[in-house]
Amino acid sequence: MSAPAVHSLWTMAADPIEKIQAPKIEYGQLSPTLIVIGAAILGVLIEAFVPRRSRYYVQVFVAIVALAASFAAVVGLAAGGYGTTKAGIAAMGAIAVDGPALFLQGTILLAGLLGVFTFAERRLDPAAHGKRVDSFAAQAASVPGSDSEKAAVKAGFTTTEVFPLLLFAIGGMLIFPAANDLLTLFIALEVFSLPLYLLCAVARRKRLISQEAAVKYFLLGAFASAFTLFGIALLYGYAGSVSYATIAQVVDGTVQNVSPALAGTMGNDALLLVGGAMVVMGLLFKVGAVPFHMWTPDVYQGAPTPVTGFMAAATKVAAFGALLRLLYVVLPGLRWDWRPVMWAVAIVTMLGGAIVAITQTDIKRLLAYSSIAHAGFILAGVIATSPDGVSSVLFYLGAYSFVTIGAFAVVTLVRDAGGEATHLSKWAGLGRRSPLVAAVFAVFLLAFAGIPLTSGFAGKFAVFKAAAESGAGAIVVIGVISSAIAAFFYIRVIVLMFFSQPRPEGPTVAVPSPLTMTAIGVGVAVTLVLGVAPQYFLDLAGQAGVFVR
Amino acid sequence: MENLIALLVAAPLLGAAVLLCGGRRLDAVGHWIGTAFAAASFVLGVVLFADMLGKSPEHRTLMQHLFSWIPVEGFQANVGFQLDQLSMTFVLLITGVGSLIHVYSIGYMEHDERRRRFFGYLNLFLAAMLLLVVADNYLLLYVGWEGVGLASYLLIGFWQHKPSAATAAKKAFLVNRVGDMGLSIAIMLMFTTFGTFAFGPVLQSTGDAGEGKLTAIGLMLLLAACGKSAQVPLQSWLGDAMEGPTPVSALIHAATMVTAGVYLIVRSGDIFNAAPDAQLAVTVVGAVTLLFGAIVGCAKDDIKKALAGSTMSQIGYMVLAAGLGPIGYAFAIMHLVTHGFFKAGLFLGAGSVMHGMNDEVDMRKYGGLRKYMPITFVTFGLGYLAIIGFPGLSGFFSKDKIIEAAFAKGGAEGWILGGAALLGAAITAFYMTRVMLMTFFGEKRWQPDEHGNEPHPHESPKVMTIPMIVLAVGSVFAGAFFGIGERFVKWLEPVTGFEHGHPPVSALTVTLSTVAVMVVGVGFAYAQYGRRPVPVVAPRGSLLTRAARRDLLQDDFNHVVLVRGGEHLTRSLVYVDHTLVDGVVNGTAATMGGLSGRLRKLQNGFARSYAVSMFGGAAVLIAATLLMRAV
């Protein structure tokens, strides 16, 4: 049968036969994503065809080159005006290429690059059977403690699959904040979530807790995805379309042609409100907002620390990007419905994260709760519903991701016989043994706490200012109180490191390779530069703060 | 030309930086570096002065805006300089006397292993003092004000291994803080009243402010002046400050820094002119202090403390003159300059004596030194004649004018202030003659100390005597140079304004009475210390003498009223802090900790609980969104 004939079977015979338009894909504008996804597929092929000994090097090389090339593409697009004057919708309305998208993609790519550096670190663990090893299991599929695991370790295997997984995750994250219809949004969500579930499970040490974290993350993530998908279905029922632009038009009441099949439900506000809330809920799960945050501490603690660092930084960037686009492009007409609810979420997130963090005794869990509190601070900027709000959130995300990756990279350095020494009591007196490492970590903690001259202060100031100017004074007051509570536990760690006696059986600080050093060094540099001279980057975020519709 | 002003301040600042950061490798040459930077500053001052003389009197003010320090809407803090005749006078005094004292210190501090640091501090002082007098606004003046306070603190406590020096430095610092608070409050009041603190706008718009505001500003400025210039009631630190090396006492605690209060009052003349009550308070402080200092100076056996009492008293004269308004401003500054010469000379002379006497300061253990150190004797003697107002010498011209102006204030006030000033002149003659006689005349009274070291008094090296000679020349001729033909008054008039005072009796009568009381004072002193041998151990003395030896009970008063009172206040505040404030703080922390512990239990590790929490959260989220639409 010819193609038109097939087509006619699928459509109503009454319709005149039309030619299928080949989708118009703007490869240039989508190049950042395409490069990363392509490299990820290449990584899979490398796993299949390159000999085991050289896989690690090839994978690291491919990943770094792909991310650098992708970042160059983002910069090129931004320089070409695609962030401002030439901003538009690409790929048949599926993907937006505009300021926020490019800014966030750039941030994700840099975070990903630093992530590759920490993934590739092989000097921290003592060599096993003469082979240098990284943070990942010799063979992820072997049962912990089994003979096959021992054999894999002895053979010097490593899980080089982490690199293509990482690239797939980054690819999904690049699409996520740029997604311009609900289905693309959902697919991007799954594309970046599934590799992350896997990555959480492949820790070299403490494998059981790592696998437990992965299972929890997967179960709860799937649960959240179900909500999102259901919400998407309801929104489709409301608007007759999954495209952001169309839904926004229906919300505004400016849409003309109503599909007869949907006449019963279209424009039913209950569908809109429930559907919107469910999609938003899925995104709040990803950013770790209270009450959808409970996976965060367990997963952050169990996942291999390089994965935690990458995930904490990049997931937040991607998910907040998607949340911003959803709220600013699709649901601005509903502002007065969602704002009070988001107020409440921001408040409980800020307070909840800060308060529960006080009693934590594990550094990774502490940082997890800290990330929850920060999600609350960022939400304060999100709900400002003003251009300043968008740009302040963009700036905050950029600043926060570097601090986070740097801080988790430092965590990988402090080790004892059982691997990383994450219990806080072991960090006592670290400042006396390794003043440099402790000082660097102190810089990150001060940035988390939002002390002036660090990027944390500039970011917090920007979001609170935007929130205050939009009339959310109460949020700002609660935000400042939460910051004060949070400052307690950050400073407590500094006090512990510098003003306590070191314990005799305390951990040692491993000397990393230039890879991790670069990740930490870049983190410190960005933290200080954004803290001392934030104006250029605030301007950059300000220029990038307009969504295309 | 304007750019030189910044250089003027920068030169000694650079010197301080080089010396203090340079480390030990500069030890051998540090004193030369310090002196060179001070001299460079002096040369710049002279160049600026020559330039200024070439212009007509109305156009001599140089303004330079350097940079905006804190530019905020409605709050402009600029760094800028204003060099007019008043500042110029100070610049020459500070750099001139400062350079001489740098030279003198090369000899005086020769055996001190921390000499480089000493010169670094001296340069720091010069920079801060110059900043103070060339600033074009009160805020920048305050920077210099605090800078000289810092330098003074560091130099009083320079021999910090001596507990007495460390304590004295701390005392000076603390007492000065009280005055500094006054200055900062005055600046804040200016800002709220005028919206600026630049000299020009503030002083030109005094007419727009209410008298009450101006009086408040004036009183706060007076408090500041009292702290820095050791005026009653903030005078107690100056005597102890003599713990510092003698060149410091000469430069900072006699010639320059302690006169900053007078500068402040004269500079703010327009404020005081419009606030007669504040002006009256200034004259009262001046009159009280000139008597207070003079009485203390009569009873001290420590040569430097006697001179410190004298300094306090002479600054009292200046403050009195500054409180008289336009009839007195020029004379206050004139006396300030002549005093700078002769008091610096007297202190350097005292230092020279100590240098030859194994650092002995008790005048009862001197005696007959004129034979051993002739140059010191002659220069000190000329300074002595100048300060007591011997006709023709510097002090005669400047002090006499102040006494005249005090009488010219008119009414009962004029008689009281003039009488006090005249009485002060008599006491000045008495205590200075006493110092002179006990030090240079009579029999030698020194004995070997407990280690058997007997002092061998000798003349000091040239590097010390030459500055003394230069200052002595100034002590002799400066007054006549300034006073004859009202040269100095005309010089300052464009800045401070001038009015002729009209004393109720003729000027000649005042002058003759001044000379007469001076002669009486000298006579009394000669009768007591010249004709009879001076006992080596101080006699018990009258009640007044004993009180004066204890600085008229100033420290006892401060201890009972301020220290005890302060301790009680502190104790009650600590009590409130411990019970109330800490209670609230610790209570909050405990509440947060408890809350944290409870909330933490929700995190039980079971994925099913987490899912329930998410489900509940989603339900609430949806319900709340729907509810928002409903209301």
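Points to keep in mind about this one:
- Using alpha-carbon coordinates, inclination of helix B:487-496 to the longest axis of chain B, degrees: 20
- Along the axis of the charge dipole computed for segment A:143-235 (Cβ charges of +1 for Lys and Arg, -1 for Asp and Glu, origin at the Cα centre), the listed residues A:152, A:188, A:226 are led at the positive end by A:152.
- Viscosity 0.692 mPa s, temperature 37 °C, Stokes-Einstein D of the protein assembly as shown from Kirkwood C-alpha radius, µm²/s: 92
- Which listed pairs, of B:300/B:462; A:426/B:601; B:371/B:444; B:171/B:305; B:228/B:401; A:286/A:316, have C-alpha distances above 18 Å, in listed order: B:300/B:462; A:426/B:601; B:228/B:401
- Rounded tilt (10° steps) of B:411-440 against the dominant C-alpha axis of chain B: 70
- Footprinting exposure proxy for B:18, A:410, B:576 (fewest neighbouring C-beta atoms within 10 Å first): B:576, B:18, A:410
- Kirkwood Rh, angstrom, segment A:336-542 [1 / mean 1/r, Cα pairs]: 17.3
- Among A:338, B:159, the ranking by other beta carbons within 10 Å of each residue's beta carbon, starting with the fewest, stands as B:159, A:338.
- Each part gets one Cα centre, and for segment A:183-203 versus segment A:260-311 those centres are 14 Å apart.
- Between 0 and 90 degrees, the angle of helix B:2-22 with respect to the longest Cα principal axis of chain B falls at about 80 degrees.
- Ranked packing of B:337-350, B:547-560, A:506-519, most packed first, by mean Cβ within 10 Å: B:337-350, A:506-519, B:547-560
- Paired Rg and Dmax values of segment B:210-317, which use every Cα atom, in angstrom: 14.3, 49
- Couplings for segment B:389-398, taken from phi via the Karplus curve 6.51 cos²θ - 1.76 cosθ + 1.60 with θ = phi - 60°, read x, 5, x, x, 8, 4, x, 4, 5, 7 Hz in order; Gly and Pro are left as x.
- Protection-proxy order for peptides B:56-62, B:80-86, each taking the mean of Cβ atoms within 10 Å per residue, highest first: B:80-86, B:56-62
- Close amide H partners of residue A:181, meaning residues 5 or more places away or on another chain with modelled amide H under 5 Å apart, are A:244.
- Of the peptides B:370-379, A:279-288, A:383-392, A:230-239, the ranking by mean beta-carbon count within 10 Å, highest at the top, reads A:279-288, A:383-392, A:230-239, B:370-379.
- Residue mean of other protein chain beta carbons inside 10 Å, A:485-492: 1
- Binning all Cα-Cα separations of chain B at 10 Å, short to long from zero, yields these whole-percent fractions: 3, 15, 25, 24, 14, 6, 4, 3, 3, 2, 0.
- Rounded to whole numbers, the Karplus 3J(HN,Hα) couplings from phi for segment B:126-132 are 4, 4, 5, 5, 5, 4, 4 Hz, using 6.51 cos²θ - 1.76 cosθ + 1.60 with θ = phi - 60°, and x at Gly and Pro.
- Calculated FRET value between residue B:524 and residue B:466, using beta carbons and R₀ = 35 Å, to 0.05: 0.50
- A compact globular protein would have a Cα radius of gyration near 2.2 N^0.38 Å; the ratio found for segment B:111-181 is 1.19.
- Cβ neighbours within 10 Å from other chains - mean over B:593-604: 5
- When each full DSSP H helix of chain A is screened for a Cα extent of at least 24 Å along its own axis and an average Kyte-Doolittle hydropathy of at least -1.0, the helices passing are A:27-49, A:52-79, A:99-119, A:182-200, A:207-239, A:269-287, A:305-325, A:335-357, A:363-382, A:387-413, A:473-499, A:514-532.
- One way to sum up the overall shape of segment A:180-335 is the equivalent ellipsoid from its Cα gyration tensor, whose semi-axes run 35, 13, 12 Å, largest first.
- Cα gyration tensor, segment B:559-630 - rounded (a/c under 1.5), prolate or oblate: oblate
- Placing unit charges on the Cβ atoms only, positive for Lys and Arg and negative for Asp and Glu, gives segment A:336-542 a dipole magnitude near 500 debye about its Cα centre.
- Distant-in-sequence amide H partners of residue A:203 (H built 1.01 Å from N, under 5 Å): A:137
- Student exercise, the protein assembly as shown dipole from Lys, Arg, Asp, Glu Cβ charges, in Debye to nearest 20: 2620
- Cα point-scatterer Debye curve for chain A, base-10 log of I(q)/I(0) at q = 0.09, 0.13 Å⁻¹: -0.65, -1.30
- Prolate/oblate/rounded call for segment A:444-549, Cα gyration tensor, a/c under 1.5 rounded: oblate
- Among the residues of A:290-298, the average count of other protein chain beta-carbon atoms within 10 Å of the residue beta-carbon is 6.
Bear in mind that the values in this text are calculations on the coordinates, not laboratory data. Computed from a prediction, not measured in an experiment: that's the story for all the values here. Ideal geometry is used to build each Cβ from the backbone, glycine not excepted, and the neighbour counts take in all protein chains shown.
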